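S.K.: This is the structure, below, for whatever I ask next.
Any read-out appearing in this document is the output of simple, stated calculations on the displayed coordinates, not a laboratory observation. All values reported here derive from a predicted model rather than from experimental measurement. Ideal geometry is used to build each Cβ from the backbone, glycine not excepted, and the neighbour counts take in all protein chains shown.
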Amino acid sequence: MSDCIFCKIAQKEIQSFIIFESENFLVFLDIHPHSPGHCLLISKKHFETLEEMPTDYGKEFLEVTHKLILILKSALGTENFNFGVNNGSLAGQAIKHLHFHFMPRFANDGGGSMHSIVKNPPKENLEEIYNKIIKAKESLNLN
Ligand code: 5GP
Ligand code: ZN
């Protein structure tokens, strides 16, 4: 996409600190790091959200993540990471080009876990929400 900053980074039209590159993916340092080594993994092709990325990217994606973790572990001396996607604007996605955050974690760094992102438990009980999800799965024929 012509006005997408991450497409421009992928095409090397905008400078970034590139850590790793494969045929379809690029990893670079986040410009406003929340921890030392905070980096972003993007697909070179523009997808807005995770569900748009074709499943045949899966193997290469996992290979890149494994290599990235090895590199960051060795460089930064930690075995602890949070990784995740802000998928959609309500989930905090500011850049509309799918990206996976990798945040190395350190002792006493003041951060939280995935549980600290949101505290909005369902009003329904677990069985009700489960039934809703299973009904959707069946109507979408995604068994
Ligand atoms: P989001 O909230 O969309 O998940 O996060 C977007 C991330 O992209 C932010 O952490 C932000 O610091 C990073 N970012 C935004 N613009 C640039 C840029 O031009 N270069 C780099 N390297 N990172 C960027
Ligand atoms: Zn893009």
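S.K.: Mean 1/r over all different Cα pairs, inverted: what Kirkwood radius does region 1-70 give, in Å?
M.R.: Evaluated on region 1-70, it is 12.7 Å.
S.K.: For region 47-143, what D do you get in µm² per second when you plug the Kirkwood radius from alpha-carbon pairs into Stokes-Einstein at 4 °C and 1.567 mPa s?
M.R.: 78 µm²/s
S.K.: Another question, then. Check the chain for me: any Cys whose beta-carbon has no other cysteine beta-carbon within less than 4.7 Å?
M.R.: By the Cβ distance rule, which asks for a partner under 4.7 Å, the isolated cysteines are Cys39.
S.K.: Let me ask something else. Take each of the peptides 101-107, 69-75, average the number of other beta-carbon atoms within 10 Å over its residues, and list them starting from the highest.
M.R.: 101-107, 69-75
S.K.: Moving to a separate point now. Starting from region 2-100, pick out the chymotrypsin sites (Phe, Trp or Tyr not before Pro) whose DSSP state is loop and whose Cβ has at most 10 other Cβ atoms within 10 Å.
M.R.: Here the chymotrypsin sites (Phe, Trp or Tyr not before Pro) that fit, given the DSSP loop and packing criteria, are Phe17.
S.K.: What is the helix-to-structure angle for 58-76, meaning the angle in degrees between its Cα long axis and the longest Cα principal axis of the chain, kept from 0 to 90 and rounded to the nearest 10?
M.R.: Helix 58-76 sits at roughly 60 degrees to that axis.
S.K.: When the dipole is taken about the Cα centre of the chain, and only Lys, Arg (+1) and Asp, Glu (-1) are charged at their Cβ, what size is it in debye, to the nearest 20?
M.R.: 180 debye
S.K.: Another question, if that's okay. Using a 10 angstrom Cβ neighbour count of at most 13 plus a DSSP loop assignment to flag exposed GluC sites (Glu not before Pro), which longest range of the chain is free of such sites?
M.R.: The longest such stretch corresponds to 24-78.
S.K.: Further, regarding this structure: Roughly what angle does helix 126-139 make with the longest principal axis of the chain, taking Cα atoms, 0 to 90 degrees, to the nearest 10?
M.R.: Once rounded, one gets 80 degrees.
S.K.: Moving on. Using a Förster radius of 35 Å, what is the FRET efficiency between Leu90 and Leu29 based on their Cβ-Cβ separation? Nearest 0.05, please.
M.R.: It comes to 0.85.
S.K.: Compute the orientation-averaged projected area for region 89-130 from the convex hull of its Cα atoms and round it to one decimal in nm².
M.R.: Mean shadow area of the hull around the Cα atoms is 5.0 nm².
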